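Okay, structure first, notes after.
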Amino acid sequence: MFAEHFAQALTPLNIVFALFGVAAGTIIGSIPGLTATMAVAVLVPLTFTLDPASALILLGAIYTGAIYGGAYSAILLNTPGTPSAIATTFDGYPMAKRGDGDLAVTISCLASVVGGLVGAAFLLTLSPPLSEVALAFGPVEYFWLAIFGLSLISALSAGALAKGLMGAALGLLLSCIGVAEISADVRLTFGSQTMIGGIEVVSALIGLYCIPVLIDLVATPDRHLKVETEARGFRLAEALRLVWREKVNLIRSSVIGTVVGILPGAGGSVAGLVSYSEARRTAKPGQEYGKGEPGGIMATESANNATVGGGFIPTLVLGIPGTPPDAVILGALLVQGIRTGPQLFEAQGSIVYTFIAGLFLATALMLPVGLLIGRYAYKTIVTLPKALLVPSVAFMTIIGSYAIRNSVSDVMIMIVLGTLGWVLSRAGIAASPIVLGIILGPIAEQGFVQAWTIGSATGDLWGMFFGRPISLGIIAFTLVSLFYPLMKGRFARWRMRHAD
Amino acid sequence: MHFTRRTILGGLAGLALAAAGAGSALAFPDKAVEYIIPFGPGGESDISARLQQPYFQEKFGQDLVISYKPGGGGAVGWSQLNSYAGDGYTVMGVNLPHIVIQPATKDVGYTTDGLTPIYWFHYTPDAIVVPADSQFKTLQDLIDYAKENPGKLTLSGSGKGTANHLASIRFDELAGIKSTYVAFKGTGAAVTALLGNQVMAEWGYTTVGAKQGDKVRMLAVAMDERHPLFPDVPTFQELGFDMVGGAYRGVAVPESTPEELREQWSDMIGEINADEKFQKQMIDGGFALIDVPYGEMDAFMMERKAQYLEAAKAAGIIK
């Protein structure tokens, strides 16, 4: 039955839509500030006149492309194009610095395709049972998941835990500014109207990552990235060898990405961070995560593209959007007269299966499209003289932070945070723990308040926080990830002592 | 600001157009119109705007361009509405009870009376939703449980000081019960908590029933008459509780917008609301249509404000 729908998806027109969608999405996603959500929202009106299946294929393709596109600026400029590419900067930029940017871009493309295909495969085969995962995660699980994400700080700031914690605390504090999402309290605005809306995550992201890069570019005479004189093409064979070596990492990250994608409210940034943390924890000797290890890019990029398929699981099965772009697509479906939710698979199965087929198609098309655009992006950024690169990136940061909600104050916040980020980075406090705090703070807070309210109502606070199996699992992972670097260090010292 | 020859000429042209516009209403709109939604994409405000979009194009020959300005539960957008040009080419979605409750509880950069709503076109009626396999078959079952177990009945809902929250407060008072309201970020999250049995029931809307189909059961809806999509679900009034309401959505213009343009916008939204195909799409989505045109705005707002402020006071949200 699926073969039939696959054939239906493969009409020349739909292939053109998928191709256009992937290319448009990739380009939009590569610009910091233009997120996947926005790419989808902007193009929604284009789909009103299309038939539902083509509309869905186009939207799915844009979404897939945009998530992948975020990797370019992460690797080449040390600035995630979308929040889901945060962890791509950890190893992508160091690789680019040492002259392996082309390889990193190709690896990110391969990993994204694998992740996308795995996510889509889960969507096709296991949607109904997996949608139960979305429901098994209650407030307390989200709370612990956010804490788990925060524990990554200890891994990220090996050797400087105190500074990492300071950064995270600052991020948590920043996340409190404005009208609180669920309690409606106004906090830390100091009477300023511009702060009511709070710190926009994406503007913070652009500021904290991009501005320090720009300042350093201006302040040093070196070239931005190392230039290799001989042309090395896509370095596809080399990339494929590395991907094969990391197959376990790739599959594990894709599965993590799918599962996190299923959880409404978590999304690509959390998926990327969790799988990065796992990849780092299970690193083989000699792999130096955070210093240009290809496995780090693979973990993040496969995971964030797997969230696309994963996110559609609750969207299509339960009518609950798994990720923000899914919410937009859900709305577009409603305009088309399609009611998602439990009855969708039975009532309009053919549209669903054509769409899933389209998602496979778009993901597969990402390989040639992504490699080509990636090659072009790499060449442009490496060969662009600094005098052009700096102003164009600066221009993009302003456009990007403005575009999120058409607000000048977000641009101001971006610049202030960016400058602050540069000062802090001089003191050894990196951007990532701060961003982690900003993203995970609200998830932790909301989960905590909700769990506390429910636990008090039923008179079982202790059981609420420590008596649920999934929670206990996440707590265990958190403890391991927290103390692993410490234990590893102890172990290494112990071995050294005994080697004497 | 410098007055260049272009702006002066433009101004003159504008005056000429305005003069022409006074004679015939046909001059407006003659270019695309921006419709700002003060929330992120994908929510119910976005969806209903998206449903209006093609009809606007079809009836008035111009694009309705939807953009988003999320933040502060709508406050970021509303606090900026009056800074836009009142030329009719920028309008913004408005929501009740938000624009009454927010300025009453804190300084959010705008006041209820400072906004100029010109039409309320639909609402999502409040409804108590339970999972299909819930022990609560009727509203009375739920009330009985709450009476025997004060505070133990947990209900999810979207946000604090919102339609859901106020409904919960009002119902507790009318039914003489004490329940626990758990605020979530948006209706989607509140539904997830319900389906996952994290809470026993949800203060939601009829749209939840429309989306979730037979996975959920609505115990009562806060409408004057039963919703056409759910003929078997009683209204609160039928069951003896004086509750009609929900989250209302409308369109507002900057306060500098001249009277004629306000009237004209009101007529345009009214025309879309009168379209039978549009009505069917809205009802199928679980929405309920209402028509509060510009001419009836003051009376409607007075009545709503009084009711919301009373409920908010009872809940201790405002003093």
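Which residue, B:TYR68, B:THR257, B:MET243, has the largest displacement toward the positive end of the dipole of chain B when charges sit on each Cβ (Lys, Arg +1; Asp, Glu -1)?
B:TYR68
Using the Cα centre of the stretch A:1-490 as the reference point, and only Cβ charges (+1 on K/R, -1 on D/E), how large is the resulting charge dipole? Debye, rounded to the nearest 20. Each step should come with its number before you reach the end.
Values: 25 positive and 25 negative charges, 244 e Å.
For this selection, approximately 1180 debye.
Amide H of B:ILE66: which non-local residues (sequence gap of 5 or more, or other chain) have their own amide H closer than 5 Å, using H built in the peptide plane?
Those lying under 5 Å, H to H, from B:ILE66 are B:TYR35.
So, by mean Cβ neighbours within 10 angstrom, what's the order for A:164-175, B:95-106 with the highest one leading?
Top to bottom by mean Cβ count within 10 Å: B:95-106, A:164-175.
Under a point-charge model restricted to the Cβ atoms of Lys and Arg (+1) and Asp and Glu (-1), what is the dipole moment magnitude of the stretch B:141-221 relative to its Cα centre, in debye to the nearest 20?
It works out to roughly 260 debye.
Would you work out what percent of the accessible area of the stretch A:1-490, with all protein chains in place, is carbon or sulfur (probe 1.4 Å)?
Of all accessible area on the stretch A:1-490, carbon and sulfur atoms account for 72 percent.
Given R₀ = 60 Å, what would the calculated FRET efficiency be for A:MET412 paired with B:GLN237, taking r from the Cβ atoms and rounding to 0.05?
So, using R0 = 60 Å, E works out to roughly 0.75.
In whole angstrom, note down how far apart the Cα centers of the stretch A:313-389 and the stretch A:19-60 are.
Centre-to-centre distance over Cα atoms comes out at 7 Å.
Measure out, as a whole number of angstrom, how far apart the alpha-carbon centroids of the stretch A:418-453 and the stretch A:71-115 sit.
22 Å
Across peptide B:73-80, what mean number of C-beta atoms from other chains lies inside 10 Å of a residue's C-beta?
5
Explain nothing, just compute: Karplus ³J(HN,Hα) = 6.51 cos²θ - 1.76 cosθ + 1.60, θ = phi - 60°, for every residue of the stretch B:152-163 in order, whole Hz, x for Gly and Pro.
Result, rounded to whole Hz: 8, 6, 9, 10, 7, x, 8, x, 10, x, 9, 4.
Sort the stretch B:127-194 into rounded, prolate or oblate with this rule: let a ≥ b ≥ c be the square roots of the eigenvalues of the Cα gyration tensor; rounded if a/c is under 1.5, and if a/c is not under 1.5, prolate when a/b is larger than b/c, oblate otherwise.
Verdict is oblate for the stretch B:127-194.
Over chain A, what is the relative contact order in whole percent, taking alpha-carbon pairs under 8 Å and six or more residues apart?
It rounds to 29 percent for chain A.
Taking θ = phi - 60°, what integer Hz values does the Karplus form 6.51 cos²θ - 1.76 cosθ + 1.60 yield along the stretch A:47-57, in sequence order, with x for Gly and Pro?
8, 4, 8, 7, 6, x, 5, 5, 4, 5, 4
Sequence-distant or interchain residues sharing an amide H contact under 5 Å with B:LYS160, placed H: which?
A:ALA184
Keeping the other protein chains in place, figure out the carbon and sulfur percent of the accessible area of the stretch B:141-221, with a 1.4 Å probe.
46 percent
Carbon-plus-sulfur fraction of the accessible area of the stretch B:31-99, 1.4 Å probe, in percent?
After summing per-atom areas, the C and S share lands at 50 percent.
Obtain the nm distance between the two label points defined at A:THR282 and B:LYS31 by a simple spin-label model: each point lies 7 Å from its Cα along the Cα-to-C-beta direction.
The two pseudo-label positions are separated by 5.8 nm.
Just tell me how shielded B:178-188 is by partners: mean number of partner chain Cβ atoms within 10 Å of each residue's Cβ, no decimals.
On the way: counts 0, 1, 5, 2, 9, 9, 6, 8, 6, 1, 12.
Shielding by partners across B:178-188 averages 5.
Skip the ligands, DNA and RNA, and give the accessible area per residue of the stretch B:141-221 with a 1.4 Å probe, whole Å².
Solvent-accessible surface per residue comes out at 30 Å².
Let me confirm one metric for peptide B:215-221, namely the mean number of other chain beta-carbon atoms within 10 Å of its residues' beta-carbons.
Details: counts 5, 2, 0, 0, 0, 0, 0.
The shielding value for this peptide is 1.
Do any residues of the stretch A:432-459 show a loss of at least 50 square angstrom of accessible area between the isolated chain and the full protein assembly, using a 1.4 Å probe, and if so which?
A:GLN450, A:ILE454, A:ALA457
What is the angle, in °, between the Cα long axis of helix B:139-148 and the longest principal axis of the Cα atoms in chain B? Nearest 10 is fine, range 0 to 90.
It works out to around 60 degrees.
Ordered by packing density, taken as the mean number of other Cβ atoms within 10 Å over each peptide's residues, highest first, how do A:85-95, B:32-42, B:169-179 rank? Before the final figure, lay out each step's value.
Working: A:85-95: 27.4, B:32-42: 21.5, B:169-179: 18.2.
Output ranking for A:85-95, B:32-42, B:169-179: A:85-95, B:32-42, B:169-179.
What are the ³J(HN,Hα) values, in whole Hz, obtained from phi via the Karplus relation 6.51 cos²θ - 1.76 cosθ + 1.60 with θ = phi - 60°, for each residue of the stretch B:100-117 in sequence order, with x given for Gly and Pro?
Coupling constants for the stretch B:100-117: 9, 6, 4, x, 6, 8, 7, 7, 10, x, 8, 10, 4, 6, x, 8, 10, x Hz.
List the residues of the stretch A:306-354 whose accessible area drops by at least 40 Å² when all protein chains are present, compared with their chain alone, using a 1.4 Å probe and counting only protein heavy atoms.
SASA drop of 40 Å² or more in the stretch A:306-354: A:LEU318, A:ILE320, A:LEU334, A:VAL335, A:ARG339, A:PRO342.
Below 8 Å between Cα atoms, with a sequence gap of 6+, how large is the relative contact order for chain B in percent?
The normalised contact order for chain B reaches 24 percent.
Check the stretch B:141-221 and count each lysine pair with an alpha-carbon distance under 25 angstrom, considering only pairs eight or more places apart or from different chains.
11
Only protein chains counted, 1.4 angstrom probe. Which residues of the stretch A:166-190 are at least 30 Å² less accessible in the assembly than when their chain is isolated?
A:VAL179, A:GLU181, A:ILE182, A:ALA184, A:VAL186
GNM, chain B, Cα, under 10 Å: largest mean-square fluctuation among B:GLY72, B:GLY86, B:GLY270?
B:GLY72
Highest mean first, how do A:33-45, B:296-308, B:144-156 rank when packing is the count of other Cβ atoms within 10 Å averaged over residues?
In decreasing order of mean packing, A:33-45, B:296-308, B:144-156 become A:33-45, B:144-156, B:296-308.
Could you pull out which residues in the stretch A:353-367 have an amide N less than 12 Å from a spot 7 Å beyond the Cα of A:GLN8, following the Cα-Cβ vector?
Hits in the stretch A:353-367 for A:GLN8 at 12 Å: A:353-358.
Work out the FRET efficiency for B:THR111 and A:ALA427 from their Cβ-Cβ distance, taking R0 = 56 Å, and round it to the nearest 0.05. Could the numbers behind the result be given before it?
On the way: r = 44 Å, r/R0 = 0.78.
Using R0 = 56 Å, I get an efficiency of 0.80.
Taking +1 at the Cβ of each Lys and Arg and -1 at the Cβ of each Asp and Glu, which of A:ILE329, B:ALA220, A:GLY272 sits farthest along the dipole of the protein assembly as shown towards its positive end, judged by Cα position relative to the Cα centre?
Of the listed residues, the answer is A:GLY272.
Under a point-charge model restricted to the Cβ atoms of Lys and Arg (+1) and Asp and Glu (-1), what is the dipole moment magnitude of the stretch A:30-188 relative to its Cα centre, in debye to the nearest 20?
400 debye
For chain A, what is the accessible area per residue in Å², given a 1.4 Å probe and the full set of protein chains?
Heavy-atom accessible area per residue stands at 37 Å².
Which value, in square angstrom to the nearest 100, describes the accessible area buried between chains B and A on both sides, using a 1.4 angstrom probe?
Numbers: alone 14770 and 20530 Å², together 31640 Å².
By this definition, chains B and A bury close to 3700 Å².
Could you list which residues have their amide H under 5 Å from that of B:VAL216, counting only those 5 or more apart in sequence or on another chain, with H placed in the peptide plane?
For B:VAL216, whose amide H was placed from the backbone, the distant partners under 5 Å are B:ALA132.
Based on DSSP, what percent of beta bridges with both residues in chain B are antiparallel, to the nearest 5?
Numbers: 25 of 41 bridges.
Once the DSSP bridges in chain B are tallied, antiparallel ones form about 60 percent.
The values are calculated or read from the model by the stated rules, or taken from the named source; none is laboratory data. Since this is a predicted model, take the numbers as computed values, not measurements. Note that each Cβ is placed from the backbone with ideal geometry, even for glycine, and that neighbours are counted across all protein chains shown. Side chains included, ligands, DNA and RNA excluded: accessible areas come from the protein's heavy atoms. Shrake-Rupley method; radii C 1.70, N 1.55, O 1.52, S 1.80 Å.
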